[in-house]
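Novice: Structure in structure tokens, see below.
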């Protein structure tokens with residue numbers, strides 16, 4: 001994963017040095033035009049996914065939050081995609097939302113990072129309670 005991040009940082013640096021930045025601005029404008037053409041049910045779906053991601057520490061609570069709002073989530077371990085079903089019955093895969101944040105692999109990374117941050121915070125609290133030493137070791 002770190003190699004991929006370094007690759008994109010290098011690529012971004014080369015784009016800036018080459019002076020291709022105006023092209024990037026046009027791409028972002030195209031993105032907003034594409035968003036306006038997106039059906040309203042898909043816009044609502046993206047909004048609820050974002051809302052549920054922010055309030056969920058793990059995958060199960062994310063699915064529970066989505067179901068609480070009437071959206072069904074089919075997220076199985078052996079499958080490549082996550083399928084969302086709206087209250088109206090529309091089905092949409094994660095790759096058809098045209099936002100990398102909501103791809104299955106990225107949401108799994110997001111939950112792993114949140115879990116890691118939670119573990120680090122718990123460990124820091126244990127260290128503070130033990131005056132710098134871990135208890136039980």
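Novice: All but one of (1) surrounded by 11 or more Cβ atoms within 10 Å (Cβ to Cβ); (2) under 11 Å from the mean Cα position of the chain (by Cα) hold for residue 48; which doesn't?
Specialist: The failed condition is (2).
Novice: Moving on. Checking the structure you have, find out if any residue of segment 46-62 is modelled with pLDDT of 95 or more and assigned to a loop (DSSP other than H, G, I, E, B).
Specialist: Within segment 46-62, not a single residue is modelled with pLDDT of 95 or more and assigned to a loop (DSSP other than H, G, I, E, B).
Novice: Among the residues of segment 107-125, which ones are within 15 Å of residue 82 (Cα to Cα) and surrounded by fewer than 13 Cβ atoms within 10 Å (Cβ to Cβ)?
Specialist: Answer for segment 107-125, where residues must be within 15 Å of residue 82 (Cα to Cα) and surrounded by fewer than 13 Cβ atoms within 10 Å (Cβ to Cβ): just 109.
The values are calculated or read from the model by the stated rules, or taken from the named source; none is laboratory data. Predicted model only: the values in this text are computed from it and were never measured. All Cβ positions, even for glycine, are placed from backbone atoms using ideal geometry, and neighbour counts span all protein chains on display.
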